[in-house]
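Notes to accompany the following structure.
The values are calculated or read from the model by the stated rules, or taken from the named source; none is laboratory data. Computed from a predicted structure; not experimentally measured. Please note: Cβ atoms are built from the backbone with ideal geometry, for glycine as well, and neighbour counts cover all protein chains shown.
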Ligand code: ASP
């Protein structure tokens with residue numbers, strides 16, 4: 001059996017939902033359909049999840065939320081008309097949204113998550129009704145009834161491990177096609193909690209793993225995963241997509257900014273060894289990109305290049321640092337005490353740089369960290385630089401190919417780009433280059449030409 005997940009653009013309108021129906025109908029192995037909330041119908045449109053977040057924030061702040069709530073209901077109402085479904089579904093949706101927005105606000109995180117989850121819940125209810133009305137018997141299943149239990153980390157919840165057995169027991173025997181809302185589950189206390197943004201990918205991967213699916217099909221709006229983000233390098237959109245990649249390559253690329261697949265969704269698939277197939281709802285005949293435990297052949301040295309802005313570097317210098325046992329451990333524990341999660345740590349003999357997301361280092365955190373460093377480590381120099389971007393060249397082939405770094409460095413130097421940092425992990429699967437954010441686009445273009453244009 002196959003589990004398929006359809007992203008926001010695939011369920012953005014009735015026209016898209018009918019494409020989803022045809023895709024599901026065309027293969028009887030497609031037994032579970034996971035859906036996102038309706039996304040953008042065209043450029044400039046707003047995703048339902050964004051409208052819901054705006055409405056929830058209005059309600060929390062005591063402002064009028066009715067305009068955003070009405071825009072959400074209008075999205076479903078338009079679909080109802082075009083899909084010819086009963087009026088009661090829209091009435092139920094509108095009443096439920098009002099109920100959630102009027103709920104107690106003593107726990108803001110839980111309040112916002114319950115409103116956010118509305119988008120996926122009613123997307124799934126509408127799809128199930130539309131499929132059944134067109135002769136494909138399907139059933140909406142709520143994450144609560146499937147035992148999808150999440151931690152109480154509202155807005156970035158994690159799955160509780162017992163959920164796998166619960167989901168298998170609940171969905172395994174279902175005779176109809178299951179339509180399941182992505183993005184959320186329930187805490188042990190019965191409250192709705194959501195994964196981080198884009199988290200319907202995670203729901204799909206969890207269900208595929210729980211049911212031991214032969215493949216997890218992730219339908220989006222591109223024919224394949226491109227080796228670089230076409231928004232940064234438009235010529236890549238006209239080039240070849242990646243046909244095959246390994247789980248490890250996918251994890252590296254999606255972590256470092258590949259927008260096609262949520263990085264946390266790779267893990268459940270890896271553990272259960274379920275291949276992921278990224279495909280296009282608007283072009284379902286394309287085979288898409290296969291993500292597998294192992295590639296049969298590992299041609300070329302680089303399979304993809306991810307680019308990610310928004311980093312900062314904390315630089316600490318102290319003469320004879322290497323003689324002070326525990327210096328780096330103390331530095332890291334200062335950062336941990338301020339909840340700063342680090343990305344990498346290039347070090348010299350008497351200096352160390354710690355790199356993390358700049359958003360984790362607002363001014364108040366920075367002054368506390370600086371004060372603690374001065375007090376506990378007595379450094380010769382401390383500074384912080386923002387505006388750093390990372391370029392990550394990823395490819396299993398690097399382990400067996402000599403000179404990948406040379407190619408990257410040569411291409412970047414020809415483009416006049418200064419390298420601020422280089423970090424190659426021991427897995428030899430990726431090399432990370434720190435550059436100025438303003439150099440990101442020319443750098444990606446230079447590397448695309450170096451590695452993917454013959
Ligand atoms: N609707 C949610 C979001 O926009 C989750 C998802 O689409 O995967 O983030």
ask   = Consider residue 251 against the criteria (1) part of a loop (DSSP other than H, G, I, E, B); (2) buried (at least 21 other Cβ atoms within 10 Å of the Cβ); (3) away from the ligand (no atom under 15 Å from the Cβ): it satisfies all of them except one. Which criterion is unmet?
value = (1)
remark   = Scanning segment 115-163 residue by residue, those under 21 Å from residue 212 (Cα atoms), more than 16 Å from the ligand (Cβ to nearest atom) and in contact with a strand residue (DSSP E or B) (Cβ under 8 Å, 6 or more places away or on another chain) turn out to be 138, 139, 140, 141, 142, 144, 146, 149, 160, 162, 163
key: Failed criterion for residue 250 (all others in (1) under 14 Å from the mean Cα position of the chain (by Cα); (2) within 28 Å of residue 109 (Cα to Cα) hold)   = (2)
request  = Output the residue which, of all residues in segment 13-45 that are outside any strand (DSSP E or B) and within 11 Å of the ligand (Cβ to nearest atom), is surrounded by the fewest Cβ atoms within 10 Å (Cβ to Cβ).
outcome  = 40
task = Note down all Cβ pairs under 6 Å where the first residue falls in segment 107-125 and is closer than 9 Å to residue 181 by Cα, the second is more than 10 Å from the ligand (Cβ to nearest atom) and assigned to a helix (DSSP H, G or I), and they're at least six residues apart or on different chains.
result = 122/76; 122/93
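I'd like to verify a number: residues in segment 54-71 that are farther than 20 Å from residue 90 by Cα and in contact (Cβ under 8 Å) with a residue 12 or more places away in the chain, how many?
Within segment 54-71, the first condition is being farther than 20 Å from residue 90 by Cα, and the residues that meet it are 54, 57-64.
Then drop every residue that is not in contact (Cβ under 8 Å) with a residue 12 or more places away in the chain, which leaves 54, 57, 59-60.
Going through segment 54-71 one residue at a time, the tally reaches 4.
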inquiry  = Among the residues of segment 370-383, what is the count of those that are within 26 Å of residue 309 (Cα to Cα) and exposed (fewer than 15 other Cβ atoms within 10 Å of the Cβ)?
reply    = 2
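Here's the yes/no breakdown for (1) touching a helix residue (DSSP H, G or I) at 6+ places or on another chain (Cβ under 7 Å); (2) at positive phi; (3) part of a loop (DSSP other than H, G, I, E, B):
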| site | (1), (2), (3) |
| --- | --- |
| 240 | no, no, yes |
| 277 | no, no, no |
| 284 | yes, no, yes |
| 325 | no, no, yes |
| 332 | no, no, no |
request  = Identify the residue in segment 46-65 that is outside any loop (DSSP other than H, G, I, E, B) and within 13 Å of the ligand (Cβ to nearest atom) and, among all such residues, is farthest from residue 168 (Cα to Cα).
outcome  = 54
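Residues checked against (1) crowded, with 20+ Cβ neighbours inside 10 Å; (2) at pLDDT 95 or above; (3) within 13 Å of the ligand (Cβ to nearest atom); (4) not in a strand (DSSP E or B):
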| residue | (1), (2), (3), (4) |
| --- | --- |
| 165 | no, yes, no, yes |
| 169 | no, yes, no, yes |
| 174 | no, no, no, yes |
| 180 | yes, yes, yes, no |
| 190 | no, yes, no, yes |
| 202 | yes, yes, yes, yes |
| 205 | yes, yes, yes, yes |
| 210 | yes, yes, no, yes |
| 213 | yes, yes, no, yes |
